[in-house]
1. Probe radius 1.4 Å, ligands and nucleic acids ignored: give me the carbon and sulfur share of the accessible area of the chain as a rounded percent.
2. With θ taken as phi - 60° and the coefficients 6.51, -1.76 and 1.60, list the Karplus ³J(HN,Hα) couplings across the range 269-280 in order, rounded to whole Hz; mark glycine and proline as x.
3. Please work out the average accessible area per residue across the range 322-454, using the 1.4 Å probe convention, and give it in Å².
4. Hey, what's the per residue convex hull volume over the C-alpha atoms of the range 70-170, in cubic angstrom?
5. How much of the calculated P(r) for the range 84-233 lies past 28 Å, in percent of all Cα pairs?
6. Let me confirm the definition first: pairs of Lys residues in the range 157-239, 8 or more apart or on different chains, C-alpha distance under 26 Å. How many are there?
7. Is there a quick way to get the dipole size of the chain? I mean about its Cα centre, with the Cβ of Lys and Arg at +1 and of Asp and Glu at -1; what is the value in debye to the nearest 20?
8. Output the relative contact order of the chain, whole-number percent, from Cα pairs under 8 angstrom with separation of 6+ residues.
Amino acid sequence: MTNKINFSLFLGIFFTFLSASASAQLEKGKLVDGIAAVIGNEIILESDIDEQMNYAAQQGSAAANKCQVMESIINNKIVVYEAKRDTLIENRSAAIKENAGLKYNQILGQFPDEKTMLAAYKFRTAYEMKTAIEKIDSDQYYGQAKYQRITEKADVTPNEVTDFYNTYRLQLPEVKDEVTLAQISIYPKLTEAHKEEIINRLKKIKQEILNGESFDSQARIYSEDPGSAPNGGLMKNISKGQMVKPFEAAALNLQEGEISDPVESEFGYHIIKLERRAGKIYDARHILIAATPTAEEIEAARKELDAIKTSIEEGKMTFKDAAFKYSDDKRTKFNAGVLTDNNGSDRMERLSLSPTLGYQIAGLNKGDITDVFEDELNRRKAVSIVKIEEVIPAHQLTIETDYDRIKQLALNRKRNEMVDKWIKQRLPNIFISIDNRYAECSFQPELQKSVLTK
């Protein structure tokens, strides 16, 4: 192991799973074909390699060549292959397959018809596209599950963190401009007349179903749930506790085949049909009419939040207390309104903020609060204010100011080394065949044999 480390990719055997967001989406215009390698009963496609090469380029990495990427993906596939054989990892193949169908329908909802969508993604059939989605989700689930099992006992001591820092301090990345932000968001409240209008619409739809229309067709026409509407409102294998409480309470109070009266939830208003129930698992259809506020309702919410902001600025309450009392954002209201990134850190790079948020805080300093602005929270219209809690200028990582980050980097390195060692132990027992186009690559000896003997 050399003392060179690449932090843009953290080039180790697991970078493709650490960059799951890049590989967990289908990209328009990419046809999946061309087998580059076989690992057990897993395959690596040329498109997989090209995708990771593109990701490396986007991250500004000059160190990752095609051979390095190929070896990393092979190692990842070994982890996936072994994960599927590990009886201690829950087999979710059926759920993944079903979820692939739901994702397919969600994507389909963005196109005028199926033919246009398949052409955009360069798939010949719906089956091909669903299979590709299933493959991506399956690899991600099993790879992450096995990675966690291999590294579950990994830890680093303060001395190891210090040693790591002293070894790699000149290679540690510069931290870009960061901010710590706190937010208060509220949903505009619908007027009673608006609520009644939605409820009456759902009552009319229910009566049409009772008069002979199918729930399936009515859901496709009227439901505003993009996930289930293309599937006739159907949601299968729902676990008890999975849905919001009003929905679940209504669904589980029905007999199979029965349709509920309109039910209010945080997403809007539903009518629900219970299709099947077996213990704590059930299938249900629903038709959702979203609680989309009018311009007048949004303006009323703006005035309400502006009054809250005024009270904070006048010292009548703290931002923390106001977030707890008024915010509808469940992720932050119990944490003083503080926003966090995908890794749970409250320090967020300015460049990674959403365009809306970046625009709102531009030019503001520590302690400033934005004006009220329109926002989106959980796919619903909202209004928000944001406070600048901290401003952290760009700087080189130091152990005095960035200990937790350096500790995480040291821990990631140790985890990668553990998986690397585990893979080397497994290599002799796994069938691997690599296309001879990669014969010029300098793989580790066991992989090199897989090329030369092809």
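The values are calculated or read from the model by the stated rules, or taken from the named source; none is laboratory data. Everything numeric here is computed off the predicted structure, so don't read it as measured data. Here the Cβ is made from the backbone with ideal geometry for all residues, glycine too, and neighbour counts use every protein chain on show. Side chains included, ligands, DNA and RNA excluded: accessible areas come from the protein's heavy atoms. Shrake-Rupley method; radii C 1.70, N 1.55, O 1.52, S 1.80 Å.
1. 48 percent
2. After applying 6.51 cos²θ - 1.76 cosθ + 1.60, I find 10, 10, 10, 10, 10, 7, 8, 7, 9, 9, x, 9 Hz.
3. With all protein chains present, the range 322-454 gives 59 Å² per residue.
4. 178 Å³
5. 58 percent
6. For the range 157-239, the number of qualifying lysine pairs is 9.
7. Values: 62 positive and 69 negative charges, 261 e Å.
It comes to approximately 1260 debye.
8. 20 percent
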